[in-house]
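First the structure, in the form of structure tokens, and then the observations on it.
The values are calculated or read from the model by the stated rules, or taken from the named source; none is laboratory data. Since we're looking at a predicted model, the values are computed, not measured. Methodologically, a virtual Cβ is constructed for each residue, glycine included, from the backbone with ideal geometry; neighbour enumeration extends over all protein chains shown.
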Amino acid sequence: MAELNRLSRWLINRRTERRAQRVLTGLGSNLRIDPAASVLELGAGGGGLVALLQERYHPSRLTGTDFDPAQSEAAARFLSARWGKLPPSIELRVADALALPFPKASFDWVFAMMMLHHVEHRFNEFDQRPKALAEVRRVLRPGGRFVYSEMFRREEIAKCLPQLGFTQEFLRSGWRSDLAIYRAPI
């Protein structure tokens with residue numbers, strides 16, 4: 001994985017909340033997060049999804065991660081400006097999706113919105129994504145949910161998740177991307 005250049009950061013962060021809103025709208029009533037839940041977002045970027053998840057669902061623990069330290073800083077600025085300070089339930093961390101710094105079964109929900117292709121050296125490869133998906137499985141509690149959207153190598157991801165024991169609960173497949181919820185085995 002590599003850090004983003006300035007143009008990529010700008011493109012990702014300029015509409016962070018609007019994109020997050022589209023994701024939540026697309027998931028609709030399929031997304032039911034209990035207030036006692038522990039939530040992880042991989043590739044939190046500018047913090048838009050973290051903000052909306054906090055405001056709508058109030059999870060007891062919400063961790064936003066990004067591989068790029070500048071993105072974690074951007075999310076911290078965005079969220080602090082939104083609320084005056086970061087709520088105590090929110091943690092922002094620099095983390096590699098290929099080696100997540102969390103114990104096994106730490107989260108009830110893991111989100112990866114348009115970030116899985118960033119674990120590869122080239123977007124069209126499928127060498128590192130299985131390792132990242134295995135890390136998602138490792139940090140999810142039994143019966144936890146994995147929510148993702150992706151536009152590259154969608155078929156391979158859909159084949160890999162059942163091999164890891166996941167069961168599909170929701171899929172909206174469009175011409176540009178998939179949006180899905182998978183449940184980890186119990």
Exercise. Which residue pairs have Cβ atoms under 6 Å apart, sit 6 or more places apart or on different chains, and have a first residue in segment 41-59 that is touching a residue at least 12 places away in the same chain (Cβ under 8 Å) and farther than 24 Å from LEU98 by Cβ and a second that is assigned to a loop (DSSP other than H, G, I, E, B) and not hydroxyl-bearing (Ser, Thr, Tyr)?
Worked result: TYR57/ILE33; HIS58/PRO35; PRO59/ILE33; PRO59/ALA37
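Quick check on segment 83-95. Is at least one of its residues of a type in the set (Ser, Thr, Tyr) and closer than 20 Å to LEU52 by Cα? First the steps, then the outcome.
Step one: list which residues in segment 83-95 are of a type in the set (Ser, Thr, Tyr), which gives 89.
In the following step, the residues that additionally are closer than 20 Å to LEU52 by Cα were identified as 89.
Yes: one or more hits.
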Exercise. Yes or no: PRO87 out of contact with any strand residue (DSSP E or B) (no Cβ under 7 Å at 6 or more places or on another chain), in a loop (DSSP other than H, G, I, E, B) and either over 16 Å from LEU133 (Cα atoms) or modelled with pLDDT under 95 (or both)?
Worked result: yes
Exercise. Before we move on, is GLY165 in a strand (DSSP E or B) and among the small types (Gly, Ala, Ser)?
Worked result: no
Exercise. Taking the stated definitions as given, is GLU156 touching a Phe, Trp or Tyr at 6+ places or on another chain (Cβ under 7 Å), over 15 Å from THR65 (Cβ atoms) and not in a strand (DSSP E or B)?
Worked result: yes
Problem set entry | Any hit, segment 116-131, residues being assigned to a strand (DSSP E or B) and closer than 23 Å to THR65 by Cα | no
For this session: Specify the residue that is surrounded by the fewest Cβ atoms within 10 Å (Cβ to Cβ); the eligible residues are those in segment 96-123 that are within 16 Å of ALA44 (Cβ to Cβ), among the aliphatic types (A, V, I, L, M) and more than 12 Å from the chain's Cα centre (by Cα).
Result: LEU100
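Consider ASP68 carefully, then state whether it is of a type in the set (Asp, Glu) and in contact (Cβ under 8 Å) with a residue 60 or more places away in the chain.
On the way: of a type in the set (Asp, Glu): yes; in contact (Cβ under 8 Å) with a residue 60 or more places away in the chain: yes.
In short, yes.
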For this session: Go over the candidates ALA112, ALA180 one by one and state the one that is part of a strand (DSSP E or B) and either basic (Lys, Arg) or farther than 20 Å from SER38 by Cβ (or both).
Result: ALA180
Exercise. If the Cβ limit is 6 Å and pairs must be 6+ apart or interchain, which residue in segment 137-157 that is more than 20 Å from LEU24 (Cα to Cα) pairs with which residue that is of a type in the set (Phe, Trp, Tyr) and surrounded by fewer than 22 Cβ atoms within 10 Å (Cβ to Cβ)?
Worked result: VAL139/PHE102; PHE152/PHE123; ARG153/PHE126; GLU156/PHE126
For this session: Just name the residue that is nearest to LEU24 (Cα to Cα) out of those in segment 158-178 that are in contact with an Asp or Glu (Cβ under 9 Å, 6 or more places away or on another chain) and small (Gly, Ala, Ser).
Result: SER177
For this session: Would you check if there is a residue in segment 71-78 being surrounded by fewer than 19 Cβ atoms within 10 Å (Cβ to Cβ) and touching a strand residue (DSSP E or B) at 6+ places or on another chain (Cβ under 8 Å)?
Result: yes
